[in-house]
């Protein structure tokens, strides 16, 4: 199924006794660009996130936010920086002696200086945190992919409808093109008759000029290739692979054929139809920029 590169997914709940949030969002991008925000001291789970996301995503600028509640059961050790404490106390006494302030130095007053203490907690179980991250991530990614698929189906339907419009216009061009040769032949005969008067007109010359005109203005090859590109586009849109970049190339080729057709047609009606084709191709190009 075709997927959009725009998506959002979130899990928030309790896993193995921990409150966990796993949030993922993405927008269109040429390649997969992943940025992670993880809890402080848990940078090791980024590798788990990258492997997990790569299973679900191939293109898109993707941002992941993970929050995992700390394990309060882990032992903690609080260490006093004695030299710093002595420095604070000495400075406070000098302040008292120099300015005659009240001597209210106490444990509670000195303890307000946070840099006096260092808190060391036992390290988290990395394997357990990676497992929690993966569980939460898979749930969030399922909803994320579901949203991408819904958006992708809308894109697919829109592109296919524009392909149908292009084919309809191509059919009109193919039907009109032979008429132009006939009209040119008739106009040429009328001009020569006006110029030469009663002089006999060489039918072979008329046929030769008409053949040259037909060769210059023939768009059969271009319309055939345009049809072929649209067939390829439809096939790609019916598959399950990430085909955004391939489709981009096909659309470039479609635009090339439309430009060549436009340079060949000499009829205002057909020129307008070529402009309509190019407008539809441009709309397709804009839509596929968001297909994975």
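A few remarks follow.
- Theoretical FRET efficiency, 1/(1+(r/R0)^6), r = Cβ-Cβ of residue 21 and residue 77, R0 30 Å, to 0.05: 0.55
- The range 8-65: relative contact order as a whole-number percent, Cα under 8 Å and 6+ apart: 43
- Placing a label point 7 Å from the Cα of residue 28 along the Cα-to-Cβ direction, the residues of the range 1-18 whose backbone N falls under 19 Å from that point are 1-8.
- With 0.36 nm allotted per residue and the present C-alpha distance subtracted, the residue 107-residue 268 stretch has 48.6 nm of extension available.
- Calculated P(r) of the range 76-121 - Cα pairs past 15 Å, %: 48
- Ordered by the number of other Cβ atoms lying within 10 Å of each residue's own Cβ, fewest first, 20, 78 fall into the sequence 78, 20.
- Residue 119/residue 248 FRET efficiency (R0 45 Å; Cβ-Cβ; nearest 0.05): 0.25
- Placing dummy labels 7 Å off each Cα toward the beta-carbon, the span from residue 146 to residue 128 is 3.1 nm.
- Contour minus Cα-Cα distance for residue 90 and residue 12 (0.36 nm per residue): 23.1 nm
- Relative contact order (%) - the range 76-121, alpha-carbon pairs under 8 angstrom, separation at least six: 69
Every read-out reported here was derived from the displayed coordinates using simple, explicitly stated rules and does not represent laboratory data. Fair warning: this is a prediction, and the values are worked out from it, not measured in the lab. We place every Cβ from the backbone using ideal geometry, glycine too, and count neighbours over all the protein chains shown.
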